[in-house]
Structures are given as C-alpha cells and as structure tokens.
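Written below as structure tokens is the structure these notes are about.
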Amino acid sequence: FRGGMIAVMTARLLRGVAGSTIVLRHRHCAGLLRSITYDSTCDSDSITVPAQARVVVCGGGVIGASVAYHLAKKGCNDVVLLEQGSLGCGTTWHAVGLVGRLKFSTAVTKLCDYSASLYAKLEQETGVATGWKEAGSLVVARTKERMTALKRLAGLSKAVSINAELVSRDDCHKLNQFIRLDDIRGGLWIPNDGVANPSDVCHSLARGATQQGVKVIEKVQVEKVLSSNGSVSAVVTNKGKIRCEYFVNCAGQWSYWLGLVYFTSCN
C-alpha cells in the first residue's frame, strides 16, 4: 500500500486506538530500542501540553526529531514535538538503516553526506549512540546502461568531494566474496558509506533537541489543526490546545491523512 492508503485505512479501522497499537509494537521491540524518558509517564492521564509554542511538530520519528533538533540548532527552541505513541515507534523502528552518501541528485547527495557526518558525531553531543558504523558500500551494475549511470555517479562524487571509486568485476569479488560474477559488469565502491540504528538515531536527535530547550511529549494525539486568515493558529490535541505560529507535519504514514482530514486552506 502507499502511505496515504495506509493512513486512511488506519483512520477508519484504528481511530482512537492507533496510539495504543503502536505502543504495543514498540514494547515488543524493546530489545532493539533505546529507552529514554521525556515528558511522558506510564499514566497518560497526567500528561499535559503547553498552552503556546512557536512551532508544533507532529510525529516523533526520525524526521520529526530531526526537524526539532535542527530548529533548535538554528536558535528556534520554542518547539513542541508531539508523538501519539513512543518515539520512533512508527515507521522509524523497522527501517533498514543503510546510509548512502552518493545519490543521482547533487542536492540529495549533499543532504545524505551531511546526515552521515552528523550520525558519526552525534553521540559526542547528546550522549546517545546512533549505532553508526562506516562499513562502506558497493553498488554493482549488471547492464551496460547501469554501468554508464555509475560512471556518471562517480563523476558527481568528484564534484561534491565524496570518496568513490569505479571498480572492475574482479574488484567487486575482492570487496565481497559472496557476489556472483557471471552477470556483473563492474561497480562503484563508496568507502565512507555506513549503517546506523534508526531508532537510536531518532532518540539521539530527540535528546539533542531537548538539551536545547525543545519539549518532547509522547502519548499525545493531534486531533485538529486550526487556521486563521490562511495561517496556522493552533493545534488541538487529546490533551488540550496549543497556540502556535507554525505546524510541521512529520506524521509518517499518517501524514497524508492528517493533511487531508485536519487542514483547512493555509498559505
């Protein structure tokens, strides 16, 4: 299913219990996730939200945590991050965690390169490990056209100062002895690519955000986004209303549904 279809299905079948369902999945994977306590307790009745914030971010996955972290880094720490379950319990916890620096777009390449560099040093700042390991990656080509594309990618790597090397079929086997060579033409070796634990990255970013004054509140569901004169004016949650200037939709598979159901026309 596409994300929007999942969101609509979730809205119809799980509305009112979606948060509980996600928390259960989070606990089921507790061995894989780092436990960090923010503004939440086991008793959800005691959770409160502030009356006002400049920015409200909906969604406590890696994207929402990253938005909150970078807003605070830029000096905007009057931010509230809301998560209906527990941090990283949605689509983040089952992501693979492969971090490739080199893409076919210059802008995306620079973003991915920045992300990999951030994950490598984030633990020093926040005290929470990201699971980053610089293992390198090998992209292989089975066709002439694919090999041509990798040559173009190698050219881009020089323009953006990312270490990458075109390798022969035999070199591919030296780098990974489990590769079958009969249908391989060559490859592109990117030694500074790596892997990270998505849930740990999420928690590390959230910890960095809270260290800079951001409020992270779990077990709070966004029920409605209010607007006035074409701009967001407030966010209504199951724990009360938060007046705000900006609302950032980072709800993952629920993003489409959130935008479709809750938003009126905004600039």
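The values are calculated or read from the model by the stated rules, or taken from the named source; none is laboratory data. Source: prediction; values computed, not measured. Counting neighbours? That spans all protein chains shown, and the Cβs are built from the backbone with ideal geometry, glycine included. Side chains are part of the model used for accessible areas, which takes the heavy atoms of the whole protein and leaves out ligands, DNA and RNA. Shrake-Rupley method; radii C 1.70, N 1.55, O 1.52, S 1.80 Å.
Key figures
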quantity: Distance from region 117-176 to region 193-267 (C-alpha centre basis), Å; calculated: 33
quantity: Set of lysines near Lys133 by C-alpha distance (under 27 Å), chain-local residues within fewer than 8 positions excluded; calculated: Lys73, Lys103, Lys110, Lys121, Lys151, Lys158, Lys174
quantity: Accessible-area ranking of Leu138, Leu111, largest first, probe 1.4 Å; calculated: Leu111, Leu138
quantity: Amide H partners (placed H, <5 Å) of Gly186, local residues excluded; calculated: Ala141
quantity: Placed amide H near Thr237: partners under 5 Å, 5+ positions off or other chain; calculated: Glu223, Ile242
quantity: Extension reserve of the Glu125-Asn238 stretch, reckoned as 0.36 nm per residue once the Cα distance is removed; calculated: 37.3 nm
quantity: Environment charge at Thr237 (Cβ cut-off 10 Å; Lys +1, Arg +1, Asp -1, Glu -1); calculated: +2
quantity: Fully extended contour minus Cα-Cα distance, from Tyr246 to Lys158, at 0.36 nm per residue; calculated: 27.8 nm
quantity: Label-to-label distance, nm, for residues given as Glu134 and Arg54 (7 Å Cα→Cβ offset); calculated: 3.5
quantity: Accessible area (Å², 1.4 Å probe, nearest 10) - His173; calculated: 70
quantity: By accessible area with a 1.4 Å probe, ligands and nucleic acids excluded, highest first: order of Glu134, Glu145, Glu218; calculated: Glu145, Glu134, Glu218
quantity: Residues of region 125-156 with amide N under 14 Å of the 7 Å Cα→Cβ point at Arg180; calculated: 142
quantity: Reach of Lys219 by Cα under 22 Å, taken over lysines that are not fewer than 8 positions away in the same chain; calculated: Lys239, Lys241
quantity: Solvent-accessible ranking of Lys151, Lys215, Lys174, largest area first, probe 1.4 Å; calculated: Lys174, Lys151, Lys215
quantity: Dipole magnitude (debye, nearest 20) for region 203-250, charges at Cβ of Lys, Arg, Asp, Glu; calculated: 140
quantity: Length released on extending from Tyr114 to Val96, taking residue separation times 0.36 nm less the Cα-Cα span; calculated: 4.6 nm
quantity: In Hz, Karplus ³J(HN,Hα) per residue of region 130-138 (6.51, -1.76, 1.60; θ = phi - 60°; x = Gly, Pro); calculated: 9, x, 5, 9, 8, 9, x, 9, 10
